[in-house]
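**Student:** Sharing a structure below in structure tokens format, with a few things to ask.
Just so you know, all these numbers are worked out from the coordinates, no wet-lab data involved. Every value quoted in this text rests on a predicted model; they were computed, and no experiment measured them. Heads up, the Cβs are rebuilt from the backbone with ideal geometry, glycines too, and the neighbour counts pull from every protein chain shown.
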């Protein structure tokens, strides 16, 4: 059948409508800009770009680390988040959480404490430690984590005979990520909210903050404008301590949560009470933001709120969370 000129015109219009409809369907179905592509992702525990999607496709691994001497530590600078808690004798221990990076050597690995289940409950994943008292073991047994100690880790943990026990146990975190792919959740949930580029800075400019842990474990964080980070010194050390692997500790954020230790701070078997609320000091971008912390349940991450009740935004990067007892001093030096 021969079509007239008018009939051909209507055929062309119809084809155009069909083409437009196809484009709309493709866009609605996800054929347009895909926000789930790796280049649009950020690492859940740092807020930094995760261009290859590595951090978003594996769990968190938390390693208990000795804190008696920073010069013996390795790998802590590569953690996404580090918690510093008080243990017996008012010593402090670290819980270093890894997700973005997978260092080959982390430690020295030390034992579990009652505070640790509350730290890891929101993020799950793998918990790496060297044993502990039965009451602490019972506590971590209830947390939603896969446990790795020396009896279960195989070649993923090792002893270095050049140092004395118990300060010679180390973790191959890189191997743990490869072996523990079934640990959940993946990715771990966000613990903090991060400030977008160009967001105006808030808070008061300061040069340093000293957290008054006892027994010589007090720590000072000094703002370094060149690094745009907080440089850590401890006790009587006059300069920034380096880890045993030669790396300095200089996170982008320091969060101080004033907490109560049930059973008494520094007493064996005491536990930091991390649910409820309390005073919080947030140090980011050379500034101090005063506010409060809130956590309604152990499954929930801690919320950081300013004086107006708005969530405090951190600088993307590593964050240290200090857990001093409410009786400890926290001394802030304002900028000149």
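**Student:** Which of the following values of P(r) over Cα pairs in 10 Å bins from 0, in percent was calculated from the structure shown: (1) 5, 24, 35, 27, 8, 1, 0; (2) 5, 20, 22, 13, 10, 13, 11, 5, 1, 0; (3) 5, 24, 32, 20, 6, 4, 4, 3, 2, 0?
**Tutor:** Only one listed value fits the structure, namely (3).
**Student:** Further, regarding this structure: P(r) for region 134-249: what percent of alpha-carbon pairs falls in each 10 Å bin, starting at zero?
**Tutor:** Percent of pairs per bin, in order: 9, 22, 30, 31, 7, 0.
**Student:** Report the antiparallel proportion of the DSSP beta bridges in the chain as a percent, rounded to a multiple of 5. Intermediate results must be reported in sequence, preceding the final value.
**Tutor:** Values: 57 of 74 bridges.
Within the chain, antiparallel bridges account for around 75 percent of the total.
**Student:** If I fit a long axis through the Cα atoms of helix 5-26 and take the longest principal axis of the Cα atoms of the chain, what angle between them do I get, 0 to 90°, rounded to 10?
**Tutor:** The two axes meet at around 10 degrees.
**Student:** Can you pull the one-decimal nm distance between simple spin-label points at residue 227 and residue 135, each 7 Å off the Cα toward Cβ?
**Tutor:** Between residue 227 and residue 135, the label points sit 3.8 nm apart.
**Student:** Principal axis lengths of region 193-334 from Cα atoms, whole Å, largest first?
**Tutor:** 42, 37, 28
**Student:** Please tell me the relative contact order of the chain in percent, rounded to the nearest whole number, where contacts are Cα pairs under 8 Å and at least six residues apart.
**Tutor:** Details: 776 pairs, mean separation 64.4, N = 336.
It comes to 19 percent, rounded to a whole number.
**Student:** I would also like to ask the following. Please list 122-134, 318-330 highest first by mean number of surrounding beta-carbon atoms within 10 Å per residue.
**Tutor:** Details: 122-134: 21.5, 318-330: 20.0.
Ranking, from highest mean packing down: 122-134, 318-330.
**Student:** Return the percentage of antiparallel bridges among DSSP beta bridges fully within region 177-315, rounded to the nearest 5 %.
**Tutor:** On the way: 34 of 36 bridges.
So the antiparallel bridges in region 177-315 amount to around 95 percent.
**Student:** Which order results if 113, 152 are arranged by neighbouring Cβ count within 10 Å, fewest first? Could you put the intermediate results ahead of the total?
**Tutor:** Details: 113 27, 152 11.
Going from sparsest to densest Cβ surroundings: 152, 113.
**Student:** Once every DSSP H run of n ≥ 4 in the chain is given -39500 (n - 2.57) and the sum is divided by its residues, what mean residue ellipticity at 222 nm do you get, rounded to the nearest 500 deg cm²/dmol?
**Tutor:** Numbers: 5 runs with 46 residues, N = 336.
Dividing the helical sum by the residues of the chain leaves -4000 deg cm²/dmol.
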